[in-house]
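Heads up, the thing below is written out as structure tokens.
The values are calculated or read from the model by the stated rules, or taken from the named source; none is laboratory data. None of the values given here were measured: they were computed from a predicted structure. Here the Cβ is made from the backbone with ideal geometry for all residues, glycine too, and neighbour counts use every protein chain on show.
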Amino acid sequence: MIIVFLRDIINEHKSFGKRIFVLAKTELVKTYKGAAIGPLWAVVKPAFTLFVYWFAFTIGIKKLGQVEVLIHNHTLSFDRFLFMLVGFIPWFFISESITKGAKDIRSHRQYVTKINFPVSTIMTFTSLSRIYVHLALSFIMYIIVAFMWGTSWYNLQYFFYMPIMFLFFLFLSWTTAPMCAFSPDLENAIVSIMSGIFWLTGVIYNSYDLPAPLDKIMLFNPINFFVNGYRNAFLYDRFFFEFKTEFFIFLAEFIVLFILGVYNYNRLRKKIPDVL
Amino acid sequence: MSTFDDMKKVEVDMTSEPIIKIKDVSKTYTLYKSDQERFLALFKKPKNPIIHKALDHVNLEIRRGESVGLMGDNGCGKSTLLKTITGVTFPDEGSVEVDGMVAALLELTAGFSMDMTGRENIYLKGYILGLDEDTIKTIEEAVIDFAELGDYIDQPVRTYSSGMRVRLGFAINVNISPDILVIDEALAVGDAAFKTKCRNKIKDIMESGVTVLYVSHNANSVKEICDRSVYMKKGQLLFDGPTEETHLVYLVDKRTAQIEKRKKRIAKLEKIIREAKDGEDIRKEQELLPKHRKRLEQFEEDLAQYTQELEDYRKEHYGDEPTVSD
């Protein structure tokens, strides 16, 4: 059944082809059009957020300037700024993807109720436009990491984590976007729990370094998989499969989310134009 | 005023495969009592929901080059039928097959991005409608030319007047060389000169053999454009035939319904007057009654006239034996 459902989504994308990339670009243009410094805002906003948190944790609460992480039975010590930076870069993408992804259909309402449009591609081209921003921010991050910490072959794992992250949150929006089209309650719920999710994720602190059983519970938060994954690639010099428990819990969540996404999208697709 | 009189009629090949094939299509809308109920409907089927039947077993076949008018009062299912043809909404039962590109002159400004320029929006809208870049490039000049926006074409659409936006939308929709053109009284665009231009353009499109679906409350304009029309009522397709005949059927049906309604109203008033107790104020009813009776008379006269006209029409076209029944 999932295969049949998935075929609809694939067909919608096939018929749309290259235009998905053009619309992703358009989406970016739409966001930054009319502002004097335009696309620079994509960097300024996260940079400011990062600065504020860094300020609070390093200058404000002085003893939190360093982070100690136990990897391969060695304790690595990181400057809080570097540690936070590598965590924040995926987080910016993730938080945008969760909140904006849920609104995707509602904010492109005209495409759904006025013209014949392959609705599932809306989520794809908006996700793409977010990943473009993410790529740019990652590049800046990598320069900083290279200077502060150095480079290694493990860095190439970025090209594993980044596409998986793209897919994971695309699948999530297959569930959330049609549901939010039905009722804005879910959208409000998501926005209100986002700051909670931030503090339950090891963006600023090290999620491995919590008293048991919290450190185990944290493994069930899929966002931690990416935040720690980016640190695996850039800081810890560790492969993604080395921490098996973390990897397999994530894999299970990934599959469940995918099935749920395909199921919910197909279940609600034909009803959306009537309720939006 | 009319520019359609001298239009060349396109020969329709009645043996060809239909370009639009609507087979036994039904559609119901679920009306949710509240936002809470709509939210719950995400997870389980609502108990005894209010259901509005928008389309009720509709069958319709339209061939390439035909122009078909849709008649019927508000809420009869015309818009829903058009939406299933344009692929915006989906039938609950039955199938809709459309073999070609549909351009709808319904939502002319749908999909515009206000912060982008007119030119950028031509591309955006083109992509949304399913065109590739090369195709859009070839129509770009024609669109800009037709929309008469001048230097404004490189200004953000948010600075446009609503008339300018509609003009741009119209220009894009008519220039994408569709196979099927859906028109919902969209001829009223801009000033008189632009209106004439739009009508001429539609005429050109029709002469080139494009299939046209036309919805209008103005029977005369339907007669001008469409040889064939269908009459819809309460989600059902009641009559399908030559426009003139369909219009008469529509008028007869409408007057019959109006007479029915008026009679009920009169009966109600009479009852109030009859059963009024002494001292009760019935002046208003007494005043209204003759008015209603007069309208009823008028309607009955109309009905007789339309019935006669319909009979004459059928005699003239099908001989003495009526071959088409409603």
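Descriptive notes on the structure:
- Some residue of the stretch A:166-182 being under 18 Å from the mean Cα position of the chain (by Cα), surrounded by fewer than 20 Cβ atoms within 10 Å (Cβ to Cβ), in contact (Cβ under 8 Å) with a residue 24 or more places away in the chain and within 14 Å of chain B (Cβ to nearest Cβ): no
- Residues (farther than 13 Å from residue B:124 by Cα and within 11 Å of another protein chain (Cβ to nearest Cβ)) located in the stretch A:16-40: A:16, A:17, A:18, A:31, A:32, A:33, A:34, A:35
- The criterion of at least 2 residues that are touching a helix residue (DSSP H, G or I) at 6+ places or on another chain (Cβ under 7 Å) and more than 30 Å from residue A:5 (Cβ to Cβ) is met by the following helices (runs of 4 or more DSSP H) wholly inside the stretch A:153-247: A:222-231.
- Residue ranges of helices (runs of 4 or more DSSP H) in the stretch A:41-128 with at least 2 members among the aliphatic types (A, V, I, L, M) and more than 14 Å from every other protein chain (Cβ to nearest Cβ): A:41-54, A:80-107
- Scanning the stretch B:112-134 for residues that are in contact with a helix residue (DSSP H, G or I) (Cβ under 7 Å, 6 or more places away or on another chain) and either polar (S, T, N, Q) or more than 16 Å from residue A:25 (Cβ to Cβ) (or both) returns B:112, B:113, B:114, B:117, B:118, B:121.
- Residue count, the stretch A:248-276 (criterion: assigned to a loop (DSSP other than H, G, I, E, B) and without any contact (Cβ under 8 Å) to a residue 12 or more places away in the chain): 1
- Given (1) under 18 Å from the mean Cα position of the chain (by Cα); (2) under 25 Å from residue A:264 (Cα atoms); (3) modelled with pLDDT under 85, number of the condition residue B:27 does not satisfy: (3)
- Contact map, the stretch B:98-126: first residue more than 9 Å from chain A (Cβ to nearest Cβ), second residue modelled with pLDDT under 75, Cβ cut-off under 8 Å, separation 6 or more or different chains; pairs are B:105/B:186; B:108/B:186; B:108/B:189.
For every residue, the table says whether it meets (1) without any contact (Cβ under 8 Å) to a residue 60 or more places away in the chain; (2) charged (D, E, K, R); (3) over 23 Å from residue A:208 (Cα atoms).
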{"position": "A:75", "(1), (2), (3)": "yes, no, no"}
{"position": "A:78", "(1), (2), (3)": "no, no, no"}
{"position": "A:84", "(1), (2), (3)": "no, no, no"}
{"position": "A:93", "(1), (2), (3)": "no, no, no"}
{"position": "A:103", "(1), (2), (3)": "no, yes, yes"}
{"position": "A:108", "(1), (2), (3)": "yes, no, yes"}
{"position": "A:113", "(1), (2), (3)": "no, no, yes"}
{"position": "A:125", "(1), (2), (3)": "no, no, yes"}
{"position": "A:136", "(1), (2), (3)": "no, no, yes"}
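- Flag if residue B:41 is under 28 Å from residue A:263 (Cβ atoms) and either surrounded by fewer than 17 Cβ atoms within 10 Å (Cβ to Cβ) or modelled with pLDDT of 80 or more (or both): no
- Among the residues of this structure, residue B:87 does not count as one that is within 29 Å of residue B:138 (Cβ to Cβ) and more than 10 Å from chain A (Cβ to nearest Cβ).
- Of all the listed residues (B:140, B:133), the sole one being of a type outside the set (A, V, I, L, M, F, W, C) and within 14 Å of chain A (Cβ to nearest Cβ) is B:133.
- Wholly enclosed helices (runs of 4 or more DSSP H) of the stretch B:58-157 bearing at least 2 residues under 30 Å from residue B:28 (Cα atoms) and under 28 Å from the mean Cα position of the chain (by Cα): B:78-86
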